[in-house]
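All remarks here apply to the structure that follows.
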């Protein structure tokens, strides 16, 4: 294998996990504002599946993956915040992290503290910075708030649960199995709801003495959206940040008035990472919470890069909890 030839996952069409191809690719030299990163670990996220199946349109053929950690091997012109040899991590577009190495824009990259391993970083950047903006910017969680967080045993959910407890919130989390409920409770979740067996709206109302919650965080989408609105207290905030069950159907905005002047928002991490004035403090906050032990990153599944398709299948089939990484 020559210096500039690496193995990578590519897709030339959308569809199931079988469209992911493990191939040789030739890397060019980094241009202005670009760097060459040699990956040590790569994150796997539901977002990758949305691009693979066409839910989020993207020009084809395309790379896959939006999160990784490694070392800078080459630096193009006009890059000043990182240098050759730096340990780095990133999350965000353009896709292409499912690779041994890649040439990529430097503007979404941050330096990685020595106290955080490459595997930890690859498992937490996208999910951890998502949690950071959800709990601090999208809705500012206060001590004493009671929060409903769907899929609390997933990668984002396990990080969010620990972070919410550090903020002094009471956490209600939905899960799909008793095993996932046990995991969530070990992370500090106060109330777990088995959404397949229980009416989560009824349970939230019981837990909150009929008041509802000031905020719902929902990455499930279609299957949970409308019922989640019924969990909110007046003036509450509905945060939809994913589509694991499919996209949310069109919404008649007058419904929000009838349910108590509630708010709905659809944030994305991309908006934040493309603004370094937001990205730097977000990453610093995440790193500090992990280094301090407030948030522990649970890497529950490791796959070699060539098994990326299997990793995505397992995630789609709800066979995984915590964070998933690929090792190049």
Next item on the list: Output the number of the condition that residue 96 fails; it satisfies all remaining conditions of (1) in contact (Cβ under 8 Å) with a residue 60 or more places away in the chain; (2) out of contact with any strand residue (DSSP E or B) (no Cβ under 9 Å at 6 or more places or on another chain); (3) assigned to a loop (DSSP other than H, G, I, E, B); (4) closer than 25 Å to residue 318 by Cα.
Entry: (2)
Next item on the list: Tell me, please, whether a residue that is at pLDDT below 95, assigned to a loop (DSSP other than H, G, I, E, B) and in the same structural domain as residue 290 (by TED's automatic domain parsing) can be found in the stretch 107-119.
Entry: yes
Checklist line | Restricting the stretch 205-235 to residues that are at pLDDT 95 or above, in a loop (DSSP other than H, G, I, E, B) and under 18 Å from residue 251 (Cβ atoms), the residue that is nearest to the chain's Cα centre (by Cα) | finding: 231
Note to self: Can you report the number of residues in the stretch 47-77 which are touching a residue at least 24 places away in the same chain (Cβ under 8 Å), within 16 Å of the chain's Cα centre (by Cα) and either surrounded by fewer than 20 Cβ atoms within 10 Å (Cβ to Cβ) or not assigned by TED's automatic domain parsing to the domain that holds residue 10 (or both)?
What the structure shows: 1
Margin query: Take the conditions in contact (Cβ under 8 Å) with a residue 40 or more places away in the chain, closer than 23 Å to residue 100 by Cα and surrounded by fewer than 18 Cβ atoms within 10 Å (Cβ to Cβ) and apply them to residue 294. Does it pass?
Written below: no
Check: Is one or more of the residues making up the stretch 183-200 within 23 Å of the chain's Cα centre (by Cα), part of a strand (DSSP E or B) and surrounded by fewer than 21 Cβ atoms within 10 Å (Cβ to Cβ)?
Finding: yes
Checklist line | Residues that are over 30 Å from residue 227 (Cα atoms), surrounded by fewer than 18 Cβ atoms within 10 Å (Cβ to Cβ), out of contact with any strand residue (DSSP E or B) (no Cβ under 6 Å at 6 or more places or on another chain) and in contact (Cβ under 8 Å) with a residue 24 or more places away in the chain, drawn from the stretch 305-319 | finding: 310
Checklist line | Qualifying positions in the stretch 54-70 - in contact with a helix residue (DSSP H, G or I) (Cβ under 9 Å, 6 or more places away or on another chain) and over 18 Å from residue 128 (Cα atoms) | finding: 55, 56, 57, 58, 62, 64
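The values are calculated or read from the model by the stated rules, or taken from the named source; none is laboratory data. None of these values were measured; they are calculated from a predicted model. Glycine gets a Cβ as well: all are built from the backbone with ideal geometry, and neighbour counts include every protein chain shown.
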